[in-house]
1. Check whether at least one residue in the stretch 89-102 is part of a loop (DSSP other than H, G, I, E, B), in contact with a helix residue (DSSP H, G or I) (Cβ under 9 Å, 6 or more places away or on another chain), modelled with pLDDT of 90 or more and not assigned by TED's automatic domain parsing to the domain that holds residue 338, and report yes or no.
2. Among the residues of the stretch 610-625, how many are under 15 Å from residue 665 (Cβ atoms) and not in a helix (DSSP H, G or I)?
3. Got at least one residue in the stretch 551-559 being crowded, with 21+ Cβ neighbours inside 10 Å, touching a helix residue (DSSP H, G or I) at 6+ places or on another chain (Cβ under 9 Å) and more than 25 Å from residue 701 (Cα to Cα)?
4. Looking at this structure, is residue 360 touching a strand residue (DSSP E or B) at 6+ places or on another chain (Cβ under 9 Å), over 20 Å from residue 287 (Cα atoms) and surrounded by 22 or more Cβ atoms within 10 Å (Cβ to Cβ)?
5. For the stretch 134-172, name all the residues that are closer than 30 Å to residue 22 by Cα, in a helix (DSSP H, G or I), touching a residue at least 12 places away in the same chain (Cβ under 8 Å) and in contact with a helix residue (DSSP H, G or I) (Cβ under 9 Å, 6 or more places away or on another chain).
6. Within the stretch 549-570, is even one residue assigned by TED's automatic domain parsing to the domain that holds residue 495, modelled with pLDDT under 90 and assigned to a helix (DSSP H, G or I)?
7. What's the number of the only condition in (1) at pLDDT 95 or above; (2) over 28 Å from the mean Cα position of the chain (by Cα) that residue 320 fails to meet?
8. Look through the stretch 173-192, keep the residues that are at pLDDT below 95 and part of a loop (DSSP other than H, G, I, E, B), and return whichever of them is surrounded by the most Cβ atoms within 10 Å (Cβ to Cβ).
């Protein structure tokens, strides 16, 4: 017996694509996403209106309830009945904190429309821009909900004309984002405006909201809202203008159904041929086509196997179906098909195209995987790789208190990494430490708590460390190095990989053939013209030597970045003496030798930081930023607040929160997110290199190029 009586009706409607909307709520942190989600649940009859705004139903993790922030994405399928038709509203609530931006990125893959929530006082903020850009890049159509309008009345005490000007400015700023990041022809089609019906205003905490059409129908003006707050009659606003009506009206009338959306989204998010059988099925969003399921989130099933949440883009999926994992090149069996209802999963007999669902699968499945029925596995390509707007720049070293628990720790870390592609797990070869890298301190803190609770381990955790990179500033010498057995010789030249070179490399316009490009944009080019004449085994050994060298550079064992390695020439021993390990070492030595002659530098990650603070505390806030090697790039006055934009090295952010809260008595709010890599000042770089070498057990001095080269 299902816990939610509307499940059977939802399943009956799945075949009618015009009655389905897949939408997400995205916003800057604390602008009211989860509060709005509560109101939508109340509007669909799943929550008492009195509880909406405080229940935080979709923040069901203990960490979320404790911190009062959203950490993971949560899906829920709502049945919303209008006077004409019932609709399935598949709703996704997403995190607002920048450390969890990766979860927003993956959520956008499975939705077609986004309700962008903006605080009426704070207006468009840093994270608003980031998530809106992500949505537009995924061809997800936005509508705008201006939240916390009550604050304009009760806190800022604006009159009707001033409120109108502020709201117009928010709409104009939002349209600027669409103009900047939207694609043709959507940037024209998706502009928002009150008269267009794709903007709503309200206060989700108090349960009221309206579109211009609603306000006209019910004869409500802004002056009525001001009077209601003057008389403390907010509850009357909730009865007259329920916020869920406004948001559902925008979703139904202004956002596309899955068949409409897939017609223009598939070519953007899927890398296969649109005119192939699978391509046509994906575009048509048909129930009779091949089964194609895109996995966005995974977690372990208590009964074994993996629960994979995502979207069915084509076909039907039911229990006992056998599916092919396109990336993993393996098979899995569907043990259960479910519809997500927040923290619950309701088992159903099947799910059809255009809907969100969770599949309980045998074996291990990673987030980002593509599933297809066995009959069509030969013609299937995975969904295009998701581009994340940030990357892991903070690292922790972790070890179990009891050495016997190392296998359990490794299993737990691997499971977390499979669930969250924004986590990186590695073992430090020099120290034997297990390293966990993430987006920021909060991301790692939450991950460690998850690890402790899921594995029941007592672990030791280091203080946060910054991820550094090694690079070069000029062209190095053509370095000759031999393999340890002296039977193989390699001539290579290292130089900076420039943006223009990267574009040419991506387009295939580089004259030399590209042998390898790694995740940090290091490029290996064959300038010898000889690699086509060697065996695949030899070529693999040369590439492996390049990739191995780039993982830990000679300065301090940190990864290399933006390095272009030209393989100028090589001479190999006879096939009877060939040894792939010798070739790897020879290539690595040559790269290190040339690298050290090319003015090597240490790169540090830099955050962009946005600080919102009371205007009288702005100068103190900018002083603190500057004292930490930060740079102020702009000041902007927004009502009683000053918004300071700037840049700050990640290494300087440890302890920043404590200092800012103390100096501003907790009246400053800020977000920081990865912006770029930057050369460290030489004096600081020398100290960091020395500290890293000491921690990793390396000799104190950076080696000379001669150590790796033939004299």
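The values are calculated or read from the model by the stated rules, or taken from the named source; none is laboratory data. Note that the structure is a prediction, hence the values are computed from the model and not measured. Methodologically, a virtual Cβ is constructed for each residue, glycine included, from the backbone with ideal geometry; neighbour enumeration extends over all protein chains shown.
1. Of all residues in the stretch 89-102, those part of a loop (DSSP other than H, G, I, E, B) come to 94-97.
Within this subset, residues satisfying the condition of being in contact with a helix residue (DSSP H, G or I) (Cβ under 9 Å, 6 or more places away or on another chain) are 94-97.
Applying the additional criterion that residues be modelled with pLDDT of 90 or more yields none.
Looking for residues that are part of a loop (DSSP other than H, G, I, E, B), in contact with a helix residue (DSSP H, G or I) (Cβ under 9 Å, 6 or more places away or on another chain), modelled with pLDDT of 90 or more and not assigned by TED's automatic domain parsing to the domain that holds residue 338, one finds none in the stretch 89-102, hence no.
2. The number of residues fulfilling the criteria is 4.
3. Within the stretch 551-559 (the criterion being crowded, with 21+ Cβ neighbours inside 10 Å, touching a helix residue (DSSP H, G or I) at 6+ places or on another chain (Cβ under 9 Å) and more than 25 Å from residue 701 (Cα to Cα)), the answer is no, since none of the residues qualifies.
4. Details: touching a strand residue (DSSP E or B) at 6+ places or on another chain (Cβ under 9 Å): yes; over 20 Å from residue 287 (Cα atoms): yes; surrounded by 22 or more Cβ atoms within 10 Å (Cβ to Cβ): no.
Taking the combined requirement at face value, the residue does not satisfy it.
5. Looking only at the stretch 134-172, we keep the residues that are closer than 30 Å to residue 22 by Cα, and these are 134-150, 167-172.
If we keep only those that are in a helix (DSSP H, G or I) too, we end up with 134-137, 150, 167-172.
Of the ones still in play, those that are also touching a residue at least 12 places away in the same chain (Cβ under 8 Å) are 134-137, 150, 167, 169-171.
134, 135, 136, 137, 150, 167, 171 - these are the residues of the stretch 134-172 that are closer than 30 Å to residue 22 by Cα, in a helix (DSSP H, G or I), touching a residue at least 12 places away in the same chain (Cβ under 8 Å) and in contact with a helix residue (DSSP H, G or I) (Cβ under 9 Å, 6 or more places away or on another chain).
6. So far as the stretch 549-570 goes, no, none of its residues is assigned by TED's automatic domain parsing to the domain that holds residue 495, modelled with pLDDT under 90 and assigned to a helix (DSSP H, G or I).
7. The number of the failed condition is (1).
8. Filtering first and then ranking leaves 182.
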